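Okay, so here's the structure we're looking at.
The values are calculated or read from the model by the stated rules, or taken from the named source; none is laboratory data. Quick caveat, the model's predicted, so the values are computed rather than measured. Cβ placement follows ideal geometry from the backbone for every residue including glycine, while neighbour counts extend to all protein chains displayed.
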Amino acid sequence: MALISVAEALDHVLARAAPLPPETVPLDAALHRMLAAELNALRTQPPADVSAMDGYAVRTADVAKVPARLRVIGEVAAGRPFTAKVGGGEAARIFTGGVVPSGADTIVVQEITERAGDAVTVLKPVSKGRHIRRQGLDFRRGDSLFAAGHRLTARDLALIAGMNHPIVPVHRRPIVALFATGDELVPPGAEPGPGQIVYSNGFALAALARQEGAAVIDLGLVRDDFEETAVAIRNARARAADILVTTGGASVGEYDLVHKAFAAEGMDLSFWKVAMRPGRPLMHGRLGGMHVLGLPGNPVSSYVCAFLFLVPLIRRMSGRADLTVPTESAVLGADLPENDERVDCLLATLRLGVEGEIATAFPVQDSSMMAPLALADCLIIREPYAPAMPAGSRCTIVKFER
């Protein structure tokens, strides 16, 4: 199968992906979920005119000339309305959040009063409506405050609670299953034998998927064995995974085993090999309703492919509209040679300079190196056959989240 461009590969990945069906979840489980329907207010806030300060509810006419001595006829606290009407020469003691009693049209803060028994003296005049939060100031019953497709923030949850919604309709989270192939892999904490390495990719990929809102099923390590690979694939399907991500066996010779296992299970292959570096052996296909992403085994290749392809797929299936991380412009911090026929994704650091952010690629770009991957702030993206670029040139970057 011939190399395809990064743009074509992403089109293939997203072409048959759609937002997952809606479900309702409790409000305290809705953070960062995508609304599947419009949300309207079920109540008015505030539900009545209420005081914004501690003080006295009075009639403006009674405090036009000061000092003004008024008779205190009762007390109003939040949740305990005062049923009597405030008449001429009268005042009601009121606390923040208390419903403004009938007859009163302004609030005098307690700092400009003097209290003596059942009388209060107002020392400064107050304008009409002062310190009153009017009914519906925040929102009214029936107001549409959230559109379908909105990603819920912590602040949104407070508003939705105030709208009186205990549960919300959201798109179902994509379920991402992961397994890695390779006889050479051992879990962290084990002592690697001759020719073995400690498995690391899955931890980054699972964290990235969860960060994007997916649920993750870790199917563990699978030996380089056709039947074991097929069993892992069937296990992912049995557990209703929406996306299956495999890592390892990225070279043509090695990967044939995994590819054969997928083919035997009935996978519809959409592409295998992308014109990018790192990540050339990236594979995508469909196995029934399950998307399959076969990632290379080297840590940088694995993460870059997940960042550029798995993240948009999760976002599409979650109901998000912002499918890809946006590109930005930066100043190149070091010379770069001309590029070949593949899109080059270079790990780089960022620092702030006089002309803006400066992106400096690591001098060694080896897809096996985990330290630069952890230290990188962004990818410098270079198009195929890009000419050599001197330091100080403008370049295109994609930032990793920090």
Enumeration of residues in the range 208-232 that are assigned to a helix (DSSP H, G or I), under 23 Å from Val304 (Cα atoms) and either in contact with an Asp or Glu (Cβ under 9 Å, 6 or more places away or on another chain) or outside the structural domain of Ala180 (by TED's automatic domain parsing) (or both): Gln211
Test set (1) in the same structural domain as Ala180 (by TED's automatic domain parsing); (2) among the basic types (Lys, Arg); (3) crowded, with 20+ Cβ neighbours inside 10 Å - Arg342 fails condition number: (1)
Failed criterion for Ser102 (all others in (1) hydroxyl-bearing (Ser, Thr, Tyr); (2) surrounded by 19 or more Cβ atoms within 10 Å (Cβ to Cβ); (3) more than 16 Å from Met53 (Cα to Cα) hold): (2)
Pairs with Cβ under 6 Å, 6+ apart, first in the range 191-207 and in contact (Cβ under 8 Å) with a residue 60 or more places away in the chain, second among the hydrophobic types (A, V, I, L, M, F, W, C) and in a helix (DSSP H, G or I): Leu205/Ala306
Qualifying strands (runs of 3 or more DSSP E) (wholly inside the range 2-89; at least 3 residues being within 25 Å of Gly289 (Cα to Cα)): 22-26
Subset of the range 353-371 (residues that are surrounded by 14 or more Cβ atoms within 10 Å (Cβ to Cβ) and either out of contact with any strand residue (DSSP E or B) (no Cβ under 6 Å at 6 or more places or on another chain) or at pLDDT below 95 (or both)): Ser367, Met369, Met370
Test: residue in the range 343-356 that is among the β-branched types (Val, Ile, Thr) and not in a strand (DSSP E or B): yes
Scope the range 193-205; condition out of contact with any Asp or Glu (no Cβ under 6 Å at 6 or more places or on another chain) and not in a loop (DSSP other than H, G, I, E, B); matching residues: Val198, Asn201, Gly202, Phe203, Ala204, Leu205
Restricting the range 366-390 to residues that are touching a residue at least 60 places away in the same chain (Cβ under 8 Å) and over 27 Å from the mean Cα position of the chain (by Cα), the residue that is farthest from Cys305 (Cα to Cα): Pro384
Among the residues listed as Phe271, Phe262, the single one being closer than 22 Å to Leu10 by Cβ and part of a helix (DSSP H, G or I): Phe262
Unique residue being outside any helix (DSSP H, G or I), in contact (Cβ under 8 Å) with a residue 60 or more places away in the chain, touching a Leu at 6+ places or on another chain (Cβ under 8 Å) and outside the structural domain of Leu35 (by TED's automatic domain parsing) when the list is Gly294, Gly279, Gly285: Gly279
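Return yes or no: is Val58 under 30 Å from Pro125 (Cα atoms) and hydrophobic (A, V, I, L, M, F, W, C)?
Here the answer is yes, as Val58 does meet what is asked.
Does Thr181 satisfy the criteria of being hydroxyl-bearing (Ser, Thr, Tyr) and modelled with pLDDT under 95?
The answer is yes for Thr181.
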Some residue of the range 110-120 being of a type in the set (A, V, I, L, M), in contact with a strand residue (DSSP E or B) (Cβ under 8 Å, 6 or more places away or on another chain), farther than 30 Å from Arg59 by Cβ and surrounded by 15 or more Cβ atoms within 10 Å (Cβ to Cβ): no
Answer from Val300, Val258, Val274, Val245 - the residue that is buried (at least 21 other Cβ atoms within 10 Å of the Cβ) and farther than 23 Å from Asp183 by Cα: Val274
Sole residue being surrounded by 19 or more Cβ atoms within 10 Å (Cβ to Cβ) and either under 18 Å from the mean Cα position of the chain (by Cα) or within 21 Å of Gly149 (Cβ to Cβ) (or both), chosen from Ala30, Ala18: Ala30
Check on Phe271, under 20 Å from Ala241 (Cα atoms) and among the aromatic types (Phe, Trp, Tyr): no
Residue check, Ala215 within 29 Å of the chain's Cα centre (by Cα) and surrounded by fewer than 17 Cβ atoms within 10 Å (Cβ to Cβ): yes
Set Ala321, Ala306, Ala374, Ala391: member being surrounded by fewer than 18 Cβ atoms within 10 Å (Cβ to Cβ) and part of a helix (DSSP H, G or I): Ala374
